[in-house]
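Just below is one structure, and these are the notes that go with it.
Nothing in this text is a laboratory measurement; each read-out follows from the coordinates by a stated rule. The model shown is predicted, which means the values in this text are computed figures rather than measured ones. Please note: Cβ atoms are built from the backbone with ideal geometry, for glycine as well, and neighbour counts cover all protein chains shown.
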Amino acid sequence: MAVLEQPGTTDHPNTPPPDWHPRTDPDPLLPERAPYRVLGTPTASRLDPALLRRLYAELVRGRRYNRQATALTQQGRLAVYPSSTGQEACQIAAALALDPQDWLFPSYRDTLAVVARGVEPLEALTLLRGDWHNGYDPHIHRVAPLCTPLATQLPHAVGLAHAARLKGDDTVALALVGDGGTSEGDFHEALNFAAVWQAPVVFLVQNNGFAISVPLEKQSAAPSFAHKAVGYGMPGRLVDGNDAPAVYEVLIEALRRARSGGGPTLIEAVTYRIDAHTNADDATRYREQAEVERWRAHDPIALLERELRDRTLIDDEGIREAEAAAEAMAAKLRDEMNTDPVLDPMELFEHVYAERTTQLAEQAAQLSAELDAEEEGSPYPESQER
Amino acid sequence: MTAPSATSIGRKPSTMAQALSRALRDAMAADPAVHVLGEDVGTLGGVFRITDGLAKEFGADRVTDTPLAEAGILGTAVGMAMYGLRPVVEMQFDAFAYPSLEQLISHVARMRNRTRGALPLPITIRVPYGGGIGGVEHHSDSSEAYYLHTPGLHVVTPATVADAYGLLHSAIASDDPVVFLEPKRLYWSKADWSADAPQEVLPLGRAAVRRTGSSATLITYGPSLPVCLEAAELAVAEGWDLEVVDLRSLMPFDDETVCTSVRRTGRAVVVHESSGFGGAGAEIAARVTERCFHHLEAPVLRVAGFDIPYPPPMLERHHLPSADRILDTVARLQWEEN
Ligand SMILES: Cc1ncc(C[n+]2csc(CCOP(=O)(O)OP(=O)(O)O)c2C)c(N)n1
């Protein structure tokens, strides 16, 4: 057997430079070689039935939510909707793994994670309906606003986690990002800060194969997104994103490590965006239907249902119950969305600063006069007097 | 001699999007140094389809789907330009150009100056900008003031289909960096313009008088031009004959066309949809006042978006300058009779 000589391990003149010493051992940080799975493996039998049933009900609800929101775009009730059908397990299992005091930092596609965290289904759609930029108070469920500029929420998660640790709280931040978002500079900066500060934060990359039309191979040449962790000095985990209990387990472990002072983790969940980028996108321009079908056959809900049925943890009645609950949620959401929101244009000036500037006060008065004139039917106000 | 009209030869009118596409294609065909890069510009043809068909025609080496990173897109464009290429980069939406501002401000804008002219950067940065399309947060910004305040950049914005072609052509041909702002809500505006006819190439820095008038001058650009023209039509009933100047290029700035008009009419209103405070209109009003003071019958006024973060879609109409708001402002130009 040929033994390669390691620099510094012999009396060879190639001794290390002064003060050099090995830093982090990369081996324990490396992710698994293939995505971690539980469903369909022998370890599945030790899964808690209550957890499985809960995951199932939430996934069914999540899928119904996506379907309802997409329908609302067709009816003109939502400006746009980025569906996460196919990604229910990543988003929901991750959100359910959090403790109440933890914070979630979602990306724009992560409505299901936000709802799973407890935000009202309607409030999670405010941004996309277009009545305001964010529909919920972030403090109530500890959910940051859905973030559109990609990856920019990641440093926020690190900062919040860092602050919580400085205060002595056992709060962990979970930050979600897409495969495309990992290319942004903010991704790099966030991971580096997190590792250097040993911040209690968990990064979850939902690798759904595409950034709009751009496939993985044009996005990254890394062995996996999980491997990127090693370069920052944190552990990387690779998980099947369509295997809800596997996602849940990996998250629980990373959250526990973060909570106990063990620092950040980068998790890659391998999944697939079944629908187009949004209702406005035409995915046939850049991908083959056969690929979509292969992923449909690896459906997160079907995988979970099989496990539940095999272990007789659910029967037809249980499935009907889950579907009925999802249907009730969708019906309520539909009714709420079919009611026009009551909007006050004057609110545009309300939240810009803690105290309204004199300039904004003038502009608010101008709009108010215009609105009064609009009510009276005059085309333009005040022009006659001036 | 006038060119035959579209209807007379049975042509379909073209959109601004088509004119921009055509300008890119012609530039790429004419000069192998022209490369296009950005998010989704290749296979998809861009989210607004402006680069549609280019990857097929010119190949992936010249029309490149980049990783999702705007600083990287512009930063690599700098290196490509240093090596003799002429990159045209696409920022997917106005607000998503912000990660690239470090490269833009610290390098793109000042490389020529820093190197005493040795390293010019002929980069065109195409940015779909502005609101009025019902876009959610971060999809409707008007960021021209940031660019304008950065010496070394040209800032250009078309308001008509023909200008879209002529100005993009000149932007790509320019040896200086050009921020090329494409008004999103005019992408699908149509005009009697044909890619087959010989095209007018427009030098950067020339404003155009879109409507002649004698009462007052509306000075505007990009997405606000159609609103100003609408206001000018409505103003006729009020007895005002408004002139409308379309700047086309904010830098270089055409003082001459603007001041010639204002000296003649004696009144001016600047109109743009980006926030008023510290906006382009402030600069324009100051320049006009400095140069035309003795011809002015009234202070130069501005109609601009409010000084607020861009509103959500359901409220944006209250923010955007409307014809009514323009007329209300015109009414305040100290008319004697009123
Ligand atoms: C900084 C920034 N650049 C560009 C965009 C436009 N954009 C919205 S979604 C998207 C693709 C995102 O892909 P990915 O991160 O993989 O997430 P996914 O859409 O797959 O959930 C792009 C380019 C953006 N929102 N933010």
Does chain A classify as rounded, prolate or oblate by the C-alpha gyration tensor (a ≥ b ≥ c root eigenvalues; a/c under 1.5 gives rounded; else a/b over b/c gives prolate, otherwise oblate)?
oblate
Both in Å, the radius of gyration and Dmax of the C-alpha trace of segment B:201-338 are 14.2, 44
On a 0 to 90° scale, report how tilted helix A:244-259 is relative to the longest principal axis of chain A, with both axes built from alpha carbons and the result rounded to the nearest 10.
80
Classify segment B:13-192: rounded, prolate or oblate, from the alpha-carbon gyration tensor (a ≥ b ≥ c, eigenvalue square roots; a/c under 1.5 rounded; otherwise prolate if a/b is larger than b/c)?
rounded
Built amide H within the under 5 Å cut-off of residue B:303, gap 5+
B:270, B:271, B:272
Helix axis angle, A:316-337 relative to chain A longest principal axis, alpha carbon, degrees:
40
Please list the three semi-axes, largest first and in whole Å, of the ellipsoid equivalent to segment B:104-181, using sqrt of 5 times the eigenvalues of its alpha carbon gyration tensor.
25, 16, 8
Going by amide H atoms built from the backbone, whose H comes under 5 Å of the H on residue B:35, apart from near neighbours?
B:86, B:88
Kirkwood radius from Cα pairs of segment A:55-168 plugged into Stokes-Einstein at 10 °C, 1.306 mPa s, gives D in µm²/s equal to 109
What is chain B's relative contact order, in percent, from Cα pairs under 8 angstrom and six or more apart in sequence?
15
Have a look at B:327, B:148, B:315 and tell me which one the Gaussian network model of chain B (Cα, springs below 10 Å) gives the largest fluctuation.
B:315
With each run of n ≥ 4 DSSP H residues scored as -39500 (n - 2.57), what mean residue ellipticity at 222 nm is computed for the protein assembly as shown after dividing by its residue count and rounding to the nearest 500 deg cm²/dmol?
-11000 deg cm²/dmol
Classify the protein assembly as shown from the C-alpha gyration tensor, please: rounded if a/c falls under 1.5, else prolate or oblate depending on whether a/b exceeds b/c.
prolate
Counting pairwise Cα distances across segment B:111-239, what percent come out greater than 19 angstrom?
58
Tell me which residues come under 5 Å, amide H to amide H, from residue B:211 once H is placed; ignore anything under 5 positions away on its chain.
B:244
Within segment A:335-380, which GluC sites (Glu not before Pro) sit in a loop by DSSP and count at most 13 neighbouring Cβ atoms inside 10 Å?
A:350, A:355
Loop-only GluC sites (Glu not before Pro) in segment A:6-110, please: DSSP not H, G, I, E or B, and at most 16 other Cβ atoms within 10 Å.
A:32
For Cα pairs less than 8 Å apart in space and 6+ apart in sequence, what is the mean separation divided by the residue count of chain A, i.e. the relative contact order in percent?
21
Tell me the chymotrypsin sites (Phe, Trp or Tyr not before Pro) within segment B:114-199 that lie in a loop according to DSSP and have at most 14 other beta-carbon atoms within 10 Å.
B:188
